[in-house]
1. Among the residues of segment 1-35, what is the count of those that are in a helix (DSSP H, G or I), open to solvent by 100 Å² or more (accessible area, probe 1.4 Å) and farther than 21 Å from I56 by Cα?
2. Given the criteria open to solvent by 20 Å² or more (accessible area, probe 1.4 Å), in contact with a helix residue (DSSP H, G or I) (Cβ under 8 Å, 6 or more places away or on another chain) and not aromatic (F, W, Y), does T113 qualify?
3. In segment 128-158, what residues are open to solvent by 40 Å² or more (accessible area, probe 1.4 Å), touching a helix residue (DSSP H, G or I) at 6+ places or on another chain (Cβ under 7 Å) and within 29 Å of D80 (Cβ to Cβ)?
4. So, of the residues in segment 36-51 that are in a helix (DSSP H, G or I) and within 18 Å of E8 (Cα to Cα), which turns out to be most open to solvent (accessible area, probe 1.4 Å)?
5. Taking R74 as meeting all but one of (1) in contact with a Gly (Cβ under 9 Å, 6 or more places away or on another chain); (2) open to solvent by less than 60 Å² (accessible area, probe 1.4 Å); (3) closer than 29 Å to R19 by Cβ, write down the number of the exception.
6. Suppose we filter Y28, Y71 for residues that are modelled with pLDDT under 95 and under 27 Å from G148 (Cα atoms); which single one remains?
7. Taking segment 85-116 as the search range and keeping residues that are small (G, A, S) and free of Cβ contacts under 8 Å to residues at least 12 places away in the same chain, which one is farthest from A32 (Cα to Cα)?
8. Can we say A63 is touching a Gly at 6+ places or on another chain (Cβ under 7 Å) and either of a type outside the set (V, I, T) or over 24 Å from H118 (Cα atoms) (or both)?
Amino acid sequence: TARTMYEEARRIRESLGDRWGLSYALRYLAVALWMDTDYAAARRESDAAVALANEIGDRQGCATALTVRSYVARSLGDNDSAEAAAREALSLHESYGDRRGAAQALWALGMATAGQGHYGEAGAHYKLAVAVFSEVGDRFWCCICLTGLAEVALALGDPGDAVCLLAANSAIM
């Protein structure tokens, strides 16, 4: 349903010549495609969202689209591109003081570095992100980061910590 709705939003924004609205629709169409595991289409839309946000000077839109680009690239196994996009998103979010956006970029950076086998670094990114999400009261994103930390614990051979992290995740939700 989300995919259909964002495709319709894209068509409407294009017909109106609303480039800001189109940029938004492209970002979230990419998310819907990613969640639908249509990674190639998600990459195409996230790349279009980054390009359009840059063209219209929407720094926040560009940073958000770069975060989306990062986790789409990670899903495609392109961890180097995922890391580059997440680092750029993090830098942009930090440049205008968006802590929640920066934390989402840190989550994406955690996924990318875990995909490269840099588990200590990934854990550090997840921990920084969960701290911000805890401060702002975002339980959903806290749980996403705790899941990442559990995956890191498993990769480092510590299933006990992974179980504790997943239990904390369950308790939060």
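1. Number satisfying all stated conditions: 2.
2. No; evaluated as a whole, the condition is false for this residue.
3. Result: L128, W141, I144, T147, E151, L154, A155, L156.
4. So the residue we want is R44.
5. It is condition (2) that R74 fails.
6. The conditions single out Y71.
7. Just the residues of segment 85-116 that are small (G, A, S), to begin with: 85-86, 89, 91, 95, 97, 101-103, 105, 108, 110, 112, 114-115.
Still in the running and free of Cβ contacts under 8 Å to residues at least 12 places away in the same chain: 91, 97.
Details: S91: 25, G97: 27 Å.
If we take residues in segment 85-116 being small (G, A, S) and free of Cβ contacts under 8 Å to residues at least 12 places away in the same chain, then G97 is farthest from A32 (Cα to Cα).
8. Here the answer is yes, as A63 does meet what is asked.
The values are calculated or read from the model by the stated rules, or taken from the named source; none is laboratory data. Here the structure is a predicted model, which means the values were calculated and not measured. No Cβ is skipped: glycine too gets one built from the backbone with ideal geometry, and neighbour counts run over all protein chains shown. For the accessible areas, the whole protein counts, side chains as well, though only heavy atoms, and no ligand, DNA or RNA atoms are used. Shrake-Rupley method; radii C 1.70, N 1.55, O 1.52, S 1.80 Å.
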